[in-house]
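One structure is given below, encoded as structure tokens.
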Amino acid sequence: MTPMDSRWTASALVIFLVPAYAGPPTPSPQGPSQRIDQRVAAQGSYGRTNETPGTKSDFESANRVIFFDDFSETADGEFPSKWTLKGPGGGGNPLSVVSRGGRKFLLSEPVPEGQQQDPSTVYVRMGKLKDLPGKFTIEFDAILGYSRLTTDVKADKRYEIRVGSDGSSTLLLAISSQRAVSRGTQSELGVADGNAHRIAVSVNETAVTAYLDGQRVIDDPDGVDRPVFYVGVELSSEKNAPQDDLMFANFRIAQ
């Protein structure tokens, strides 16, 4: 294992808290997201099993950084130069950098009232690679919880790490306040607090292990196909519902 520490268009320990709010009632943990299920099925998943998140905390942050962006070099309102919309499904709802609580985030911009907020997908600029190292990690901070812009109880913030090669991408990890999903397994969560949470993924050849705030939530022995020469993030919500604070910070890839 290694170190600690997205379709999108152009239009950050210090504790960081986005003010908690009395959001819609928490939906039942039953009933997986139909959109993710359909996508995983289309990717040839061998079927998922349910996991129970434990208290095991064995994530190790790698030392050799391959990519890092805390958006400090990008002015508010601008699209970060270390990212690109070129990639499978890149683009979607406009993205821009914003400042919150002394840190900078890449935000999927809220849409006007009455409109749907399409997913946004963006890819890191890593140059031309034949494959990422056999062992690498991905880490970032993301705001988890429900939207304050709608009364839909399913309007949950969701982040998908997309990886791939040869012009196509597959799911590495999808995470929301209610659950974490990989190609072969999933676990139920319950962190709809509107705060920033640390998400980490450790890849060892084809095995994928994911952590939320240091606690293991996914352990998938066949969670990724090789080679991997690009990495992206998709920001979305159930039914494309309007979203506030759908954003992430401190994105890091290392070996």
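Just so you know, all these numbers are worked out from the coordinates, no wet-lab data involved. A quick note: this is a predicted structure, and the numbers were derived from the prediction, not measured. Reconstructed Cβ throughout: ideal geometry from the backbone, glycine too, with neighbour counts over all protein chains shown.
What shape does segment 197-244 take by its C-alpha gyration tensor, where a ≥ b ≥ c are the square roots of the eigenvalues and a/c under 1.5 counts as rounded, a/b above b/c as prolate, and the rest as oblate? Note, shape of segment 197-244 comes out oblate. For segment 61-189, taking Cα atoms only, Rg and Dmax work out to 15.8, 46 Å respectively. Applying 0.36 nm per residue to the separation of R226 and E205 and subtracting their alpha-carbon distance, the gain on full extension is 6.8 nm. A simple rule links phi to the HN-Hα coupling: the Karplus curve 6.51 cos²θ - 1.76 cosθ + 1.60 with θ = phi - 60°, which for segment 206-215 gives 9, 7, 10, 10, 10, 9, 10, 6, x, 9 Hz, with x for Gly and Pro. Using only side-chain charges placed at the Cβ, +1 for Lys and Arg and -1 for Asp and Glu, the dipole size of segment 126-191 relative to its Cα centre rounds to 100 debye. Annotation: for a label point projected 7 angstrom from Cα along Cα→Cβ of K130, residues of segment 197-235 with backbone N closer than 19 Å are 205-206, 225-231.
Distance from the alpha carbon centroid of segment 217-237 to that of segment 122-169 works out to 8 angstrom.
Relative contact order of segment 205-255: 25 percent, from C-alpha pairs under 8 Å at least 6 residues apart in sequence.
Per-residue Karplus couplings for segment 82-90, computed as 6.51 cos²θ - 1.76 cosθ + 1.60 with θ equal to phi - 60°, are listed in order as 7, 10, 9, 8, 7, x, x, x, x Hz, Gly and Pro entered as x. Separation of the alpha carbons by more than 26 angstrom is noted, of K128/K239; K135/K157; K104/K157; K130/K157; K82/K104, for K128/K239; K135/K157; K130/K157.
Of all aspartates and glutamates in the structure, the ones whose alpha carbon falls short of 18 Å from that of K154, not counting any fewer than 8 places away in one chain, are D37, E113, D118, E188, D193, E234, E238, D244, D245. Computed over every Cα-Cα pair of segment 34-254 and binned at 10 Å starting from 0, the pair-distance distribution P(r) comes out as 8, 36, 40, 15, 1 percent. Sequentially through segment 117-134, phi angles give Karplus couplings (6.51, -1.76, 1.60; θ = phi - 60°) of 9, 5, x, 10, 10, 9, 10, 6, 8, 10, x, 8, 10, 8, 5, 6, x, x Hz, Gly and Pro residues having no value and appearing as x.
In plain terms, the chain from S72 to Q116 could stretch by 12.9 nm, reckoned as 0.36 nm per residue minus the Cα-Cα distance.
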